[in-house]
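Report on the following structure.
The values are calculated or read from the model by the stated rules, or taken from the named source; none is laboratory data. It should be emphasised that the depicted structure is a prediction, and the values quoted were computed from it without experimental measurement. Positions of Cβ are backbone-derived with ideal geometry, glycine not excepted, and every protein chain shown enters the neighbour counts.
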Amino acid sequence: MNQSIECKNITKKYGEKSVLNNINFTLEKGKIYGLIGRNGAGKTTLLSIMSAQNPASNGEVLVEGESVWENQKALDKICFSRELNMAPNNGNGLVAMKIKNYLRLAAAYYKNWDQDMANKLVEKFELDPKKKLGEISKGMLSMVTIIVAMASKADYTFLDEPVAGLDVIMRKYFYDILLQEYEETGRTFVISTHIIEEAANIFEEVIMIDKGELLLMTNTAELVDSARHVSGKSEDVDAACKGIKTYNPEIIGRSKGVTVFLKDNEKIDSSIDVSIQPVSLQDIFVALCQEEV
């Protein structure tokens, strides 16, 4: 069986505005993926299309070879847990819904729901099940979405900004239970987050999108290993990086800094007086969003 999710030529337009442009990639089962992009890059739209909550303008999503759209068999394998909209005029009744009732709805929807796990997480997060969603903090709302994602036991689980509003202790706990669940079950997770460095070590692969375009999808460790920041006098940096594509130039007076991604046959000329430093995943993303030079 083809155990994967395939995005084929996914395009999304709202009127004349294009939000996603011809996105193509395959998620292999049994990995943790990081989905990184700026605000408005199309991350949430992409996840909503992948989970059939939003139709694509063009293209298709296949879950283990079957279209996800209007296909309950495929949808049973997916959970998309996203930020809850507590705007009083959203018209969906969430503001007045109690936590316990929201989780009861989730339990009815997800066929593999693990009530024991849900109860354990409610206790760990110190949530009052009788509280209304409209009465709790942003961090507590994030806890509720985490509970749904984890307890759903869905083969393919997408989390959109799961740690928004959580303090550092609870963020660490989330990553701990995510890794534990992954190791025990082999579920596939896609985590969309702006807190890149904190989550970088758990991403086996990273997907970067910008302005609706797929920048790259690759192994995280290999990407970080290939990246270097080279700085020094402008002419020395240019000479040391001769023949290598450079990104995100930072020029201050006669000094210059660039980011490079070394291919197998490429080397920075270390005999030239320049500083060569490793680059974090967050800085790699910033560099790739800039114009190549």
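Only one of the listed residues (Lys256, Lys245) is crowded, with 20+ Cβ neighbours inside 10 Å and free of Cβ contacts under 8 Å to residues at least 60 places away in the same chain. That residue is Lys256.
Restricting attention to the stretch 186-201, the residues being among the acidic types (Asp, Glu) and either surrounded by 16 or more Cβ atoms within 10 Å (Cβ to Cβ) or touching a Lys or Arg at 6+ places or on another chain (Cβ under 8 Å) (or both) number 1. The set of residues in the stretch 170-182 that are of a type outside the set (Phe, Trp, Tyr) and either within 20 Å of Glu83 (Cα to Cα) or outside any helix (DSSP H, G or I) (or both) comprises Met170, Arg171, Lys172, Ile177, Leu178.
Every residue, every condition in (1) surrounded by 16 or more Cβ atoms within 10 Å (Cβ to Cβ); (2) under 18 Å from Asp160 (Cα atoms), yes or no:
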| position | (1), (2) |
| --- | --- |
| Asn9 | no, no |
| Tyr14 | no, no |
| Ile23 | yes, no |
| Glu28 | no, no |
| Leu35 | yes, yes |
| Lys43 | yes, yes |
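To keep it simple, each residue is scored yes or no on (1) in contact (Cβ under 8 Å) with a residue 60 or more places away in the chain; (2) in the same structural domain as Gln180 (by TED's automatic domain parsing); (3) of a type in the set (Phe, Trp, Tyr).
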| position | (1), (2), (3) |
| --- | --- |
| Lys8 | no, yes, no |
| Tyr14 | no, yes, yes |
| Leu20 | yes, yes, no |
| Gly30 | yes, yes, no |
| Arg38 | yes, yes, no |
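Screening Glu161, Glu204, Glu183, Glu123 for residues that are in contact with a strand residue (DSSP E or B) (Cβ under 8 Å, 6 or more places away or on another chain) and surrounded by fewer than 17 Cβ atoms within 10 Å (Cβ to Cβ) leaves exactly one candidate, Glu204.
For the stretch 133-161: of the residues being closer than 20 Å to Thr220 by Cα and either β-branched (Val, Ile, Thr) or part of a loop (DSSP other than H, G, I, E, B) (or both), which is modelled with the lowest pLDDT? Step by step, filter the stretch 133-161, then rank; the result is Glu161.
Of the residues Lys73, Lys172, the single one that is over 21 Å from the mean Cα position of the chain (by Cα) and surrounded by fewer than 20 Cβ atoms within 10 Å (Cβ to Cβ) is Lys73. Within the stretch 228-285, if we keep just the residues that are among the aromatic types (Phe, Trp, Tyr) and assigned to a strand (DSSP E or B), the residue that is nearest to Asn39 (Cα to Cα) turns out to be Tyr247. The residues in the stretch 183-201 that are assigned to a helix (DSSP H, G or I) and over 12 Å from Leu159 (Cβ atoms) can be counted, and the count is 8.
Remark: Lys211 falls outside the filter, which requires a residue to be farther than 30 Å from Ala56 by Cα and touching a residue at least 12 places away in the same chain (Cβ under 8 Å). Taken as a whole, the structure places Val95 among residues that are within 25 Å of Val163 (Cα to Cα), surrounded by 16 or more Cβ atoms within 10 Å (Cβ to Cβ) and either touching a Lys or Arg at 6+ places or on another chain (Cβ under 8 Å) or β-branched (Val, Ile, Thr) (or both).
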